[in-house]
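Enquirer: Below is the structure I would like to discuss, written out as structure tokens.
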Amino acid sequence: MIVLLLFGALGCVAVYQNMHKSTINLANVILEETEKEDSKSRDLDREQKLSDMGAVTEEDFYTLIIGLDNSDSHAGLNTDTLLVAHVIPGHNMIKLMSIPRDLRVTNLRGFAAKINSIFANGYNYAVRQSQENPGLLSGKYVQLGNKNVPEEYISSGMVMARETLERYMGIHIDYTFLANYQSLISLVDEVGGIEINVERSMEYDAPSEDMFIRFEPGLQVLDGEKALHYARFRKDNRGSSFHSNDFERGMRQQQIIIALIDKLTSWDNLPKAFEIMDIVSSNLKTDMSPNMMISLVRQYYGKITRDNIYSLPFPGQWNAPYVDADQEELEERLRQFVSLDRPNIDRTTGS
């Protein structure tokens, strides 16, 4: 779970020269021809729209945050978190919607699949195609966890996840962020912990992942490791009646985003906010330019507060082995999400 990248876009950013190592070219992909043409077309449209990347546009935009568990104890490529943010600078407002890991979508081959497998689909397709035709690779490498891999592998996975959600939600996602768990741990520790109101007890052991979760209800300050445990919790040692579903999990992840923004904006220290992002830049890949990040932060730092962030719960139901959404409910929730107006819901619970 690395939802903090929304915060990276609007709450803090590294110094300009260090942010360049986080940049990834999402036009450098290996996809099926129809997907590749769609990707190129949309990237050209975005470049035309934002030709001056050093200037903040007053127009609203959408950001996709992809959290990938690529820790030493887990080398899989299924995404652990997918969060879409509607950022409305003119109103100093952000709307958040967490996408359930098991949401039913259509994959590259036209079959039903879980949304958390789509990044891996794109990544593995690029691997297979480049093995058959090495000339498809540009020779540029990027870091993923403790490995360096061809940029095309990562870009293809990010683009496939992005375009799948664009089709599902009927929106145009302007920027995509990919990060791993270490970013969250480092950032929370660097700010001195975050205050979270834990609403229920949690007890879960995963020795293979070196993860041992223990929480009791109440307001408490979480360090980086505990914040990660709070964000990831789904199963409970005590049985299925104690498990947490992905809808609850998504709301906890959004709690962490809000707590991080609260902590950094409360400092009222822009230079410190710029420095903080340096600790996560090596674990971050994004197609948002450093100029755009810095410009956004300078103009809106301190203006995006808890009162300006709205959590919209995803209107899905468990239909084993997938999450499905009632079409009418989904359309209504998406209307709230894409609107420039403030939704008539509780800002932190989404109810």
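The values are calculated or read from the model by the stated rules, or taken from the named source; none is laboratory data. Note that the structure is a prediction, hence the values are computed from the model and not measured. Virtual Cβ from ideal backbone geometry, glycine too; neighbours counted across all protein chains shown.
Enquirer: Please find, within the stretch 52-98, the residue that is modelled with the highest pLDDT out of those that are more than 19 Å from the chain's Cα centre (by Cα) and charged (D, E, K, R).
Expert: Only one residue fits best here, namely Glu59.
Enquirer: Say whether the condition of being assigned to a strand (DSSP E or B) and of a type in the set (S, T, N, Q) is met by at least one residue in the stretch 191-212.
Expert: Among the residues of the stretch 191-212, at least one is assigned to a strand (DSSP E or B) and of a type in the set (S, T, N, Q), which makes the answer yes.
Enquirer: Select from the stretch 126-158 the residues that are in contact (Cβ under 8 Å) with a residue 12 or more places away in the chain and of a type in the set (Asp, Glu) and write down the one among them that is surrounded by the most Cβ atoms within 10 Å (Cβ to Cβ).
Expert: Glu152
Enquirer: Please return the ranges of strands (runs of 3 or more DSSP E) entirely within the stretch 281-345 where 1 or more residues are farther than 17 Å from Val84 by Cα and of a type outside the set (A, V, I, L, M, F, W, C).
Expert: 316-319, 322-325
Enquirer: Turning to a different aspect of this structure: Go through (1) modelled with pLDDT of 95 or more; (2) under 16 Å from the mean Cα position of the chain (by Cα); (3) within 26 Å of Met292 (Cα to Cα) one by one and return the number of the condition Ala179 breaks.
Expert: Result: Ala179 fails condition (1) only.
Enquirer: Let me ask something else. For the stretch 101-124, name all the residues that are within 16 Å of Gln317 (Cβ to Cβ) and surrounded by 23 or more Cβ atoms within 10 Å (Cβ to Cβ).
Expert: Once the filter is applied, which keeps residues that are within 16 Å of Gln317 (Cβ to Cβ) and surrounded by 23 or more Cβ atoms within 10 Å (Cβ to Cβ), the stretch 101-124 yields only Ile115.
Enquirer: When both residues are 6+ apart or on different chains and their Cβ atoms are under 8 Å apart, which pairs have a first residue that lies in the stretch 90-117 and is at negative phi and free of Cβ contacts under 8 Å to residues at least 24 places away in the same chain, and a second that is of a type in the set (Ser, Thr, Tyr) and in a strand (DSSP E or B)?
Expert: Cβ pairs passing all conditions: Ala113/Thr106.
Enquirer: Restricting attention to the stretch 164-178, which residues are assigned to a helix (DSSP H, G or I) and buried (at least 21 other Cβ atoms within 10 Å of the Cβ)?
Expert: Thr164, Leu165
Enquirer: If I ask for residues that are within 25 Å of Ala85 (Cα to Cα) and of a type outside the set (D, E, K, R), which ones from the stretch 144-164 would you list?
Expert: Residues satisfying the conditions are Leu144, Gly145, Tyr153, Ile154, Ser155, Ser156, Gly157, Met158, Val159, Met160, Ala161, Thr164.
Enquirer: If I ask for residues that are touching a His at 6+ places or on another chain (Cβ under 9 Å), more than 21 Å from Arg234 (Cα to Cα) and not basic (Lys, Arg), which ones from the stretch 86-125 would you list?
Expert: Listed by number, the residues that qualify are Met93, Ile94.
Enquirer: Looking at Ala206, Ala161, can you tell me which residue is more than 30 Å from Leu136 (Cα to Cα) and either small (Gly, Ala, Ser) or surrounded by fewer than 18 Cβ atoms within 10 Å (Cβ to Cβ) (or both)?
Expert: Selected residue: Ala206, the only one of Ala206, Ala161 that is more than 30 Å from Leu136 (Cα to Cα) and either small (Gly, Ala, Ser) or surrounded by fewer than 18 Cβ atoms within 10 Å (Cβ to Cβ) (or both).
Enquirer: Moving on. Within the stretch 304-329, can you find the residues that are polar (S, T, N, Q) and farther than 16 Å from Ile115 by Cβ?
Expert: Listed by number, the residues that qualify are Thr305, Asn308, Ser311, Gln327.
Enquirer: Scanning for something of a type in the set (Phe, Trp, Tyr), surrounded by 19 or more Cβ atoms within 10 Å (Cβ to Cβ) and modelled with pLDDT of 85 or more, does the stretch 318-339 turn up at least one residue?
Expert: yes
Enquirer: Please go through the stretch 100-149 and give me each residue that is among the basic types (Lys, Arg), at pLDDT 95 or above and closer than 28 Å to Arg249 by Cα, ordered by number.
Expert: Arg104, Lys114
Enquirer: Restricting to the stretch 109-129, give me the number of residues that are of a type in the set (Phe, Trp, Tyr) and in contact with a strand residue (DSSP E or B) (Cβ under 7 Å, 6 or more places away or on another chain).
Expert: 1
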